[in-house]
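Asks: Got a structure for you, questions after.
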Amino acid sequence: MPPPDATAVTKFDPRNYLAIFVFRWKIIAFSVLLCVLGGILYIKFAPRQYLSLCTVMIWRNPSLAVAGGGGPWWTSVPSHVRMLKSDELQKKVIERLKDTWRARMGGIKEMKLDVSVVQDRQLPNLLQVSAKCGQSAYAEAYIAALWDEFMEKQASLKRDFRKSALDVLDGEIKSLKEGIDQAEDDLIEYQRLNAFEVTAARGSIESRYLMALLSYQNMIDTEIMLLDATFPMLVNADATVINDADMLSRRAGSVTPVEGADIVNAQRAVESDFKGFAVERVLVDTPDIQRWQSRKVSRKQLEVRERELLAKFTPEHEEVKNIRKQMAEIDQEMIVARDIAMGRLQDRYRALKMAREALDRPVHNWKNTYQRANQKQAEYRRKSLVVERKETLYKELYARLHDLKVSEEMKSDQFGIIDSIHTREQPVWPDVSKVMFMAIVVALGVGFGFAIVVHVFDNRMQTIGDVESDMGLPFLGGIPRWVRSGEDMVSRPIVVEEHASGAVEAYRVLRTSLLAALDRAGQNVVLFTSAESKEGKTITVLNLAVMTAKVGKKVLLIDMDLRRPRLHRSFKVERSPGITEALSQKRPIEDFVIPTEIENLWFVPGGSTCQDAAELLQAANMKAFLAGVKEQYDYVFIDTCPVLRAADAGILASPEVCSVAFVAKVDATPKPLIKYSLDMLANAHVIGIVMNSIDMSRVSSLYYSYQYPNYAYYAYAYAYGYQYDYYADGLKVKKGEEGADLGVRLGRMLRRIRRNLLPMQ
């Protein structure tokens, strides 16, 4: 079967890791106890440290008022804090105290203390200076010497700062004064050379001329654009329409631009313009235009007269012909009038074009003149701004120089100890709460880490994920770790006992998946094997055979563990004759079938002990040997020896003979052993793996209920019989006597370590 999708294998599930911590709780508990014990011992024997401290106030004279302010007065407090904690001051303190305290403290390195300077939240001008030390007298002397060095350093910094700042400001002020003088001289010289007053006046005049010319140029451009758009529409228009279009283009070109957003006034101006246009049109009507209009009226009258005559006479009537002749003459006159009006309009269009071209040169000249005047004015403004900026900067520097002198004289930053240096009676270290908290945190980290390491290096088969991801085989089902009563060593089917309802459910699930896998494979013969002995394959095949027979299927159970056959004890029959005799005597297997007390279940025992079982199986034709029973029975279940104990399973596990169901014991069988066993069965058809001996107390909890969800429901169904003996393939161990023999327990532990860490040995 191909391995499952890689994404499903690598999917992270936090419940899996939570279960690691739940079921490795002993490791975590041991780490916690060990670290807590270490914390208690540290608290008991660690050297005590005491806290020496004092409270310092930093303030500024409230009567100090300088120009510029500079923000809150406490902005300098962080710089004082850094200075108190600086290495430079601490070296000076150690140098001052070394003659008295070096021998008592044990050396120069031990004399350096960790100084803490904390600013008060409510009163930012209060600082708490403290140090921890085992000798309180030294800590008090250390803080006192540190404060003295701090005051000396502050005084030295003030002197150096005042001197350097005054020197810099004096140099800047002198340089600025020279710059102001030079800038004023440049401004005066520029005015003289360029006759700035005349240039400014000419610039104003040139600006007005230029605006007038541009306005006239825009008017001509507007009329030209209107005529360009109107000409295509006047192709078939009469003289009156052409005259109106001419007058409208003149009026549109003379419209005054709207200033700002005064839309209402602009609308009123347009209305007044068009009212004036109506009056002007009447005034400018020429005799030709009046004659054309009268001719249009005459033609309308002739059309009316024509309709009246046609109502009385035929079109060939003499009077109708005369009226039509007059109408044709009027139409000819209107065409001539239209051509004349259109010619006038085109002449005006060409005249506008010539005027527009003539305006380009004077406009260009006036623009150049206006730009030169603007450049001179801009240069003058730039030089004026240079003078203003230098004067402003000069005033600011002069004010800062004055403020610096005043602040130094009034000593703006003042320091004082308001709470004298003292040492608290109770030690501050070791702190019980902090030490225990750190111990618990370290304990949990170490415990969890060690639990994960143990889980990573634990290579035993545990979960369904191990089957599907690591082995690449389907999971057929899981069988619980169950108990039995009685003192006998017989492996009997638990599914027939009254108190085994939970086991019955588990075997039902396994039976369903197993039979479905056999149907898909087209087989009715299944071989049960395992990697090592005591994996539970014998009791698994026995109970599965019983459960399959209970559903009405004819089942044959064959014991082919020819080296250690045990199934005959379960049915209370003789071991011989059986498979060994059938193979050695070359007799059909049907001769050795024995009916059992269970309906639909027949059994073939293993036969007498055989030392050359592998050779006997190799020599036989197993396909022909089992052909008869394959036809007679619905299913044939075969129990054989473990793969790593003998070669029998490899010989029998041929795809032509049977399918293979592999049995693995949960939390016991190392994965490398199973992989190696499956490699030895590479030519066989392995239909899946059965997980045996699942601890149902863990199924009912978090981890195994997630890994085996189908069996969590029956978790408490297997809690019966804890007063009895555990069943483990014939190995009987009483629960109350598990820890009786220390040597036996140590031996088992060593064997388990060897199996897990060195699985191939």
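Asks: Excluding same-chain residues fewer than 8 positions from Lys177, which lysines have a Cα within less than 18 Å of its Cα?
Replies: By straight Cα distance, Lys177 reaches Lys383, Lys390, Lys395.
Asks: Another question about this same structure. Students often forget the sequence filter, so: which lysines lie under 25 Å Cα-Cα from Lys353 once same-chain residues fewer than 8 apart are removed?
Replies: By straight Cα distance, Lys353 reaches Lys367.
Asks: Please go through the residue pairs Lys91/Lys434; Lys534/Lys586; Lys26/Lys665; Lys26/Lys534 and name each one whose alpha carbons sit more than 29 Å apart in this structure.
Replies: Correct reply: Lys91/Lys434; Lys534/Lys586.
Asks: Can you work out the FRET efficiency for the pair Ser420 and Lys163, with r the C-beta to C-beta distance and R0 = 41 Å, to the nearest 0.05?
Replies: Computed FRET efficiency for Ser420 and Lys163: 0.75.
Asks: Right, next: For Lys92, list the lysines whose Cα falls under 26 Å from its own Cα; do not include residues on the same chain fewer than 8 positions away.
Replies: By straight Cα distance, Lys92 reaches Lys109, Lys112, Lys132, Lys153, Lys158, Lys163, Lys411.
Asks: Another question about this same structure. How do the peptides 344-350, 113-119 rank, highest first, by the average count of neighbouring beta carbon atoms within 10 Å per residue? All intermediate terms of the calculation are to be shown ahead of the outcome.
Replies: Numbers: 344-350: 13.7, 113-119: 15.7.
Order by mean packing, descending: 113-119, 344-350.
Asks: A follow-up question, please. Would you mind ranking Val435, Val690 by Cβ crowding within 10 Å, fewest neighbours first?
Replies: Val435, Val690
Asks: What are the semi-axes of the equivalent ellipsoid for region 517-578, taken as the square roots of 5 times the Cα gyration tensor eigenvalues, largest first, in whole Å? Don't skip to the answer; put the middle values down first.
Replies: On the way: eigenvalues 87, 50, 25 Å².
Computed over region 517-578, the values are 21, 16, 11 Å.
Asks: Roughly what percent of Cα-Cα pairs across region 544-694 reach past 27 Å?
Replies: 21
Each reported figure results from applying straightforward, stated rules to the coordinates on display, with no laboratory input. This structure is a prediction, so every number in the text was calculated from the model and none was measured. Neighbour counts are summed over all protein chains in view; Cβ atoms, including those assigned to glycine, are modelled from backbone coordinates with ideal geometry.
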